[in-house]
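What follows is calculated from the coordinates using simple rules that are stated; it is not laboratory data. Source: prediction; values computed, not measured. When we count neighbours, we look across all protein chains shown, and the Cβ atoms used for this are built from the backbone with ideal geometry, even at glycine.
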Amino acid sequence: MPGAGPDTSNRPAGGREFNAAVKAAKLQIEGLTPHKLRHTAASLAIAAGADVKVIQHMLGRADAAVTLNIYGHLFPDRLDEVADTLDARRIALLTARAA
């Protein structure tokens with residue numbers, strides 16, 4: 001996907017560039033990999049309020065369904081919020097009609 005980041009499809013995960021960056025940053029995290037950082041970035045973006053299409057684009061995925069299958073459990077359950085908003089709009093409409 002254009003604009004989703006550099007093409008790393010032909011590089012092995014955990015290659016020389018990544019290892020050099022980890023060393024330069026003086027990170028001492030056992031088992032740190034680009035894949036784990038990718039999951040962390042997606043999880044943090046979801047926690048910050050990003051929707052599935054933003055995460056899809058951020059990760060360079062072609063299909064939002066894949067993103068939902070992997071990260072769907074991290075999206076907050078907003079059913080109560082949606083119900084409250086719909087109810088408030090219904091009341092506002094009924095009030096406006098009555099006036």
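Return yes when residue 41 is under 25 Å from residue 19 (Cα atoms) and surrounded by 15 or more Cβ atoms within 10 Å (Cβ to Cβ) and no when it is not.
no
What are the residues in region 44-69 that are free of Cβ contacts under 8 Å to residues at least 40 places away in the same chain, crowded, with 16+ Cβ neighbours inside 10 Å and under 25 Å from residue 22 (Cα atoms), if any?
Once the filter is applied, which keeps residues that are free of Cβ contacts under 8 Å to residues at least 40 places away in the same chain, crowded, with 16+ Cβ neighbours inside 10 Å and under 25 Å from residue 22 (Cα atoms), region 44-69 yields 45, 46, 55.
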